[in-house]
Amino acid sequence: MEITIRAELKNILSYERKMYFGRMGIYQIFLRIIKNHPDYYAWKYIKQMRKTSYYYSKRNNNLIYSILYILNSRAFNSMGRKLGIESGENVFQEGLRLFHTNGIVVNGNARVGKNCCLYGNNCIGNDGITRGCPKIGDNVRICVGGKVLGDIEIADEIVIAAGAVVVKSCSERGAILAGIPAKIIGYRTDKTFLE
C-alpha cells in the first residue's frame, strides 16, 4: 500500500499503534519499552515501514524527499535485518500485526490486504518458477511456519494453519487451509469472523 498523503500516514500509524498498545497507559507502554518487549520492536518496524512508504511516493517530487526516502529506506532495511524480516515497504495495507518477527520473508511484489496477522517464520513470495507473487485478501491470519507461494489469490478471512504451504488459489471466504500442499480443512466460526 503506497501512502501518498501525510494525513493518511498519521491515520494508519494511529490505527496500528492501537493494535499494539491498545488502551495501555503511559506507564505500561514505558515498561514495554524498558523491558525490550517484542511488540515494541514490531511496532517500531511497522512505523518505519509506513514512513518509508510515504517518502517512496514523494521521492520524485523534489530532492529532499528523495534523500528522506533513502534515509528511511536504509533505517527500515537495517531494522528488518535486526528483527529477521525481509519485506518491501508497499506490500501491506493498514492493520499489519506481527506476533513474532523472526524469519518473515515477503516479496516486494506481493500484495496483502488489511488486518493481516503474521505469527513468525512466514514466507510470502514467488514459487521460484514464475515471477508472480500472491495477492492476499483482508483479515488473513498466517500462523507459524505458514507459506504462501506463487501467482495465487487468497480470499478474505482465511486462516493458514501452522506449517501449511499454500501453492493454489483459494476463493472461499473464511476457509482454514492446512497441509503441504495446503487444502481446505474447515471454515472459521469465531465471533470476529461472523460479525
Filtered residues of segment 84-106 (kept if part of a strand (DSSP E or B) and crowded, with 21+ Cβ neighbours inside 10 Å):
85, 92, 98, 104, 106
Here the qualifying pairs (Cβ atoms under 9 Å; residues six or more apart or on different chains; first in segment 7-27 and within 10 Å of residue 43 (Cβ to Cβ) and not assigned by TED's automatic domain parsing to the domain that holds residue 117; second at pLDDT 90 or above and in a loop (DSSP other than H, G, I, E, B)) come out as 16/94; 16/95; 16/96; 19/95; 19/96; 19/115
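Results for (1) more than 22 Å from residue 111 (Cα to Cα); (2) modelled with pLDDT of 90 or more, shown as yes or no for each residue.
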{"position": "7", "(1), (2)": "yes, yes"}
{"position": "24", "(1), (2)": "yes, no"}
{"position": "31", "(1), (2)": "yes, no"}
{"position": "37", "(1), (2)": "yes, no"}
{"position": "41", "(1), (2)": "yes, yes"}
{"position": "46", "(1), (2)": "no, yes"}
{"position": "50", "(1), (2)": "no, yes"}
{"position": "69", "(1), (2)": "no, yes"}
Out of segment 138-160, which residues are touching a residue at least 24 places away in the same chain (Cβ under 8 Å), out of contact with any Cys (no Cβ under 7 Å at 6 or more places or on another chain) and not hydrophobic (A, V, I, L, M, F, W, C)?
138, 139, 145, 146, 150, 156, 157
Exactly one of 67, 34, 104 is outside the structural domain of residue 1 (by TED's automatic domain parsing) and without any contact (Cβ under 8 Å) to a residue 40 or more places away in the chain, and that one is 104
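The values are calculated or read from the model by the stated rules, or taken from the named source; none is laboratory data. If you're wondering where the values come from, they're calculated on a predicted model, not measured in any experiment. Positions of Cβ are backbone-derived with ideal geometry, glycine not excepted, and every protein chain shown enters the neighbour counts.
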